[in-house]
Amino acid sequence: MEKITNFYKNKIVFVTGATGFKGSWLCCWLLHMGAKVYGSGYSPNQNKNLFYKLKLQKKIKLGIFDIRDKSKLDNFVVKSKPSIIFHLAAQPLIFESYLKPHETIDINVKGTLNVLEVSKKFNFIKSVVFITSDKCYENVGKARRYKEDDVLGGIDPYSASKSASELIIRAYRESFFQKNRICGISSARAGNVIGGGDWSGNRLIPDCIRSLLKNKVIFLRQPNFNRPWQHVLEPLKGYLILAKKQFLSPKKYSDAWNFGTKNNSVKSVKEIVNYMIAFWGSGKIKVNTKNKFYEQKNLQLDINKAKNRLKWLPTYSVKEGVKITTEWYLQVFKNKKDPYRVTNKQIIDYMNENNWS
């Protein structure tokens, strides 16, 4: 079988949300494999400082426009003619969705709809992966792993926007792509992603790093909440494998897919922060109970489908993921290393561990 690095070499790939945290990492990885990368971004973006720290605006062909603007999206796609699209553009924060519910739903649902429309319109597009979220499931509050055919739902605006997007993706896949178009259409569900360069507000790792850099106490809202934390390269590996497989066999692999953690890998917020403090070499914790927004307490994904059919598996333990994440910030901010080189080295190390190089 063709090696995945050879598959992506010289492929024209379009990443929506390229200026975001996951988008920046994905662009770096695609560039390393020799892909011709096009990206869209939106300004302002809380994570665009990672994108520009990596100087990706000089390495990919970037269009700055709102994903809700269908004509601008169409024009960009006509000019770039991608064969593969990764749709990451979104309002990605639960906390922000309470403050701006209409905008969150509008961006996440209309953005998905526009990418589906453009994928339906142009025959040169062969594989599209829509990045949604593990929050798309109706959370029944039990310690169980959610499967792809479980009920969708969500009682906060962000989760509702992601479950709505999933329903629309499925409707388009069944209605327009089963017979009429040879194009793979899939949704990828992951969550609690960590990694170097994330600066989003009200997220655990960025908030901890901000405190550690200023030698301030780390305040925790829910220290005992459990999360299936995973390093950003883990789900990205899944997206890359999926996009390749459905490019080659669209009808076989077009579906909904979970990219979560291994069994028994859930850690509490406090455990994660204690790992970070140990790797950083200093830091203190205090609990702040003034949390007025709903947060899902326990949501884990069943990854057997991806494991069996895509041959995808997580590589890092939770502790390793936290270590690599903390090292990124240490290298960039304490040791003054070039962010692009640090990021690229972590990608290469990960590829070596997965025999992708």
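In sequence order, the range 191-200 has phi-based couplings of x, 6, 8, 10, x, x, x, 7, 10, 4 Hz under the Karplus curve 6.51 cos²θ - 1.76 cosθ + 1.60, θ = phi - 60°, and Gly or Pro positions carry x. Taking every DSSP beta bridge that has both ends in the chain, the antiparallel portion is near 10%.
Accessible surface area normalised per residue over the chain is 44 Å², counting heavy atoms of protein chains with a 1.4 Å rolling probe.
To put it simply, the accessible area of the range 229-357 at a 1.4 Å probe is 47 percent carbon and sulfur. For the range 110-185, chymotrypsin sites (Phe, Trp or Tyr not before Pro) are listed when DSSP marks them as loop and at most 13 other Cβ atoms sit within 10 Å of their Cβ; the list is PHE124.
In this rough spin-label picture, where each label sits 7 Å from Cα along the Cβ direction, the ALA171-THR315 distance is 3.9 nm. The relative contact order of the chain, computed from alpha carbon pairs under 8 Å that lie at least 6 residues apart in sequence, is 18 percent.
Every helix of 4 or more DSSP H residues in the chain counts as -39500 (n - 2.57), and over all residues that averages to -11500 deg cm²/dmol at 222 nm.
Leaving ligands, DNA and RNA out of it, report the carbon-plus-sulfur percent of the accessible area of the range 41-103 at a 1.4 Å probe.
Whole-percent figure for carbon plus sulfur exposure: 55.
Take 268-278, 223-233 and order them by the average number of nearby Cβ atoms within 10 Å per residue, most first; the result is 223-233, 268-278.
The values are calculated or read from the model by the stated rules, or taken from the named source; none is laboratory data. Computed from a predicted structure; not experimentally measured. A quick note on method: Cβ atoms are made from the backbone with ideal geometry, for glycine too, and the neighbour counts reach across all protein chains shown. All accessible areas refer to the heavy atoms of the entire protein, side chains included, with ligands and DNA or RNA removed. Shrake-Rupley method; radii C 1.70, N 1.55, O 1.52, S 1.80 Å.
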